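The values are calculated or read from the model by the stated rules, or taken from the named source; none is laboratory data. Everything quoted here is computed from the prediction, not taken from an experiment. As a convention, Cβ positions derive from the backbone with ideal geometry for all residues, glycine included, and neighbour counts pool all protein chains shown.
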Ligand code: PRX
């Protein structure tokens, strides 16, 4: 294996540019990567045309790349890929495989692994999935949904969630999936932001052995005036493999509230439609979906992805990074409510005709062997999960892993946070028995697919490094203070120099915010919000967020959102939320809370505040420390100095930096004295 020297005066020196007329099936050597990487940078039109040829188009694009990253130009930030191409995503994920080879109708597309392992799992073939998607697409049409309409999907991690996504894609409706852990308030906020008229949900989901009500959360959300655009709610019954909770569920089902004329059972609606549904012919730049993600300020951002570029990108990244072989069983443990679920449970795998596992449960239920048992049960070859899960499982005795077989595994992957070398080695040596490469994939909701990632066996891995950029991705680090580009090796704020097909095109209904957040910090570049060290050999080491977004257990949480939830409690005057390093979850959430006059501090109040945050945002958001602070460090103009709060909780109290602009420096001493992190 040759050793990469990507950055020493550019990879392009001494590199033979790829001269074949199509892309290879796999990237086998570093030289092959270098020659294709060079092509992707020097002639992106030719590279991405070959990538687009991996899909079936109604009209193959004659224009490939037409993008502008510099907001200062007359055109402004404007991203178009394959702009005259006509394509349908659902057709490419399902129909085309069967049209090419009718036997594929019998190949398993999805394997549903229910939360409770003794419940029956369920397999669905490409043929069955296509039929169900067509029928459900007809249900949506029957309810007036057409191209361009926004459809909110609030589902557990079940096959029907995938069907809902694909059905939207088939008819050109724009889906907006909201993770099932979000509160009714958060769902309402997301429905109203995109003016959705329809919600697809389930009566409940099952996680960790418990029923999680979903429909009732939607009922509450729809009571809010901002959601009065919603006319229809389609409700799936959670029914596969429900042996263990059957009675409980049947009872709960009886007590569901039902709004006649608005609420419809999916299974009843499906009986009224046929399975003939031609895919809608979509322009490559028509929106495919919106997915909300936390920002460092204000409301969640509706990340907007479009059709042709997104599919081209997830198709190619899935194929190369997992080096997928036909017939292999692939599992990604992410929920479809996050981008990882969109790109690498549904669209990437299905566009590659893969067999992909839909896992409803959690890694620790019923015990910490769950993942490894699933790997044996379904003979999984490729397994992709988050470092948080790995660290939490690693905290237990290795026998939970070693008692399982795991011989089917060929490749392991991680995503969501930096993985510390210790967890990486445990994953590699204990889970993978030292024989499976690990792909540590760095990317974001905004990027659509993998950005910096190993390609298995094409170069050497280093524990904790996402290694090198994918095709078409040019990284550049900047000095945070001087705003100048840095030479390698160094450490700075990570930006991307030019467009790639999978990137978000805008924020739904707010292009200005899109530009402000991603393109203004470093003109001419996409700003990732992450810090990164690039070493001499070109390997990238992501150091974590540089803005006010926390990454906790692989979930992005905006500190501003938590602060605004806290101040909704009557007792709270002011709140400031910062993260601190956590050995398992990546970060912990530390909330400084100033109470109103005459309100007494108590543990009871602490619990109430935690509950408030969970109720307002969602059950997956959990403050770890509530510190009642009579005063917060502020500048003379009244701005909270979060930089100092971050130093206190890290704790790194000997490097507080410049405190001369503080209104009252004694406030800091008091916080240090009373913080549980500095004791
Ligand atoms: O901070 C980075 C971290 O997760 C953020 C993106 O979160 P989200 O949009 O929710 O997407 C998560 C799944 C793609 C990034 O800004 N992150 C993601 N992958 C890695 C990572 N940090 C370090 N290493 C990674 N492999």
Query raised in the report: Can you name the number of the only condition in (1) crowded, with 16+ Cβ neighbours inside 10 Å; (2) farther than 20 Å from residue 551 by Cβ that residue 596 fails?
Result: (1)
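Do we find that residue 443 is buried (at least 23 other Cβ atoms within 10 Å of the Cβ) and away from the ligand (no atom under 13 Å from the Cβ) in this structure? Give the steps one after another, and end with the answer.
Working: buried (at least 23 other Cβ atoms within 10 Å of the Cβ): yes; away from the ligand (no atom under 13 Å from the Cβ): no.
Here the answer is no, as residue 443 does not meet what is asked.
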Query raised in the report: Taking segment 648-666 on its own, how many of its residues are more than 13 Å from residue 579 (Cβ to Cβ), in a helix (DSSP H, G or I) and touching a strand residue (DSSP E or B) at 6+ places or on another chain (Cβ under 7 Å)?
Result: 0
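On the basis of being assigned to a helix (DSSP H, G or I), surrounded by fewer than 24 Cβ atoms within 10 Å (Cβ to Cβ) and in contact (Cβ under 8 Å) with a residue 40 or more places away in the chain, does residue 249 make the cut?
Numbers: assigned to a helix (DSSP H, G or I): yes; surrounded by fewer than 24 Cβ atoms within 10 Å (Cβ to Cβ): yes; in contact (Cβ under 8 Å) with a residue 40 or more places away in the chain: yes.
Yes; evaluated as a whole, the condition is true for this residue.
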Query raised in the report: within 11 Å of the ligand (Cβ to nearest atom) and on the phi > 0 side of the Ramachandran plot, is that true of residue 434?
Result: no
Report task. Could you tell me which of the residues 363, 387, 349 is within 16 Å of the ligand (Cβ to nearest atom), touching a helix residue (DSSP H, G or I) at 6+ places or on another chain (Cβ under 9 Å) and farther than 30 Å from residue 57 by Cα? Result -> 387
Query raised in the report: Is there any pair with a first residue in segment 330-341 that is closer than 15 Å to residue 205 by Cα and a second that is within 11 Å of the ligand (Cβ to nearest atom) and not in a loop (DSSP other than H, G, I, E, B) whose Cβ atoms are under 6 Å apart and which are 6 or more apart or on different chains, and what are they?
Result: 335/341
Report summary line: Flagged in segment 521-579 as within 11 Å of the ligand (Cβ to nearest atom), closer than 27 Å to residue 69 by Cα and assigned to a loop (DSSP other than H, G, I, E, B), in numbering order, are 546, 547
Requested in this report: Determine which member of the set 609, 645 is farther than 24 Å from residue 180 by Cβ and either within 33 Å of the chain's Cα centre (by Cα) or assigned to a helix (DSSP H, G or I) (or both).
Outcome: 645
Report task. Could you tell me which numbered condition residue 462 fails, if it satisfies all but one of (1) within 15 Å of the ligand (Cβ to nearest atom); (2) in contact with a strand residue (DSSP E or B) (Cβ under 8 Å, 6 or more places away or on another chain); (3) more than 21 Å from residue 339 (Cα to Cα); (4) part of a loop (DSSP other than H, G, I, E, B)? Result -> (2)
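Suppose we filter 412, 350, 393 for residues that are more than 29 Å from residue 126 (Cα to Cα) and at pLDDT 95 or above; which single one remains? Reasoning before the result, please.
Values: 412 fails: more than 29 Å from residue 126 (Cα to Cα); 350 fails: more than 29 Å from residue 126 (Cα to Cα).
Among 412, 350, 393, only 393 is more than 29 Å from residue 126 (Cα to Cα) and at pLDDT 95 or above.
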Report summary line: Here the qualifying pairs (Cβ atoms under 7 Å; residues six or more apart or on different chains; first in segment 541-559 and without any contact (Cβ under 8 Å) to a residue 40 or more places away in the chain and over 21 Å from residue 593 (Cα atoms); second in a strand (DSSP E or B) and near the ligand (Cβ under 9 Å from one of its atoms)) come out as 545/529; 545/530; 545/551
Report summary line: Note on segment 185-210: residues assigned to a helix (DSSP H, G or I) and either without any contact (Cβ under 8 Å) to a residue 40 or more places away in the chain or under 30 Å from residue 369 (Cα atoms) (or both) are 187, 188, 191, 192
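Pick from segment 474-488 the residues that are out of contact with any helix residue (DSSP H, G or I) (no Cβ under 9 Å at 6 or more places or on another chain) and touching a residue at least 60 places away in the same chain (Cβ under 8 Å): which of them is surrounded by the fewest Cβ atoms within 10 Å (Cβ to Cβ)? Give the steps one after another, and end with the answer.
First, the residues of segment 474-488 that are out of contact with any helix residue (DSSP H, G or I) (no Cβ under 9 Å at 6 or more places or on another chain): 475-488.
Imposing the further condition that a residue be touching a residue at least 60 places away in the same chain (Cβ under 8 Å) reduces the set to 475, 480, 488.
Working: 475: 22, 480: 13, 488: 17.
Per the criteria, the residue is 480.
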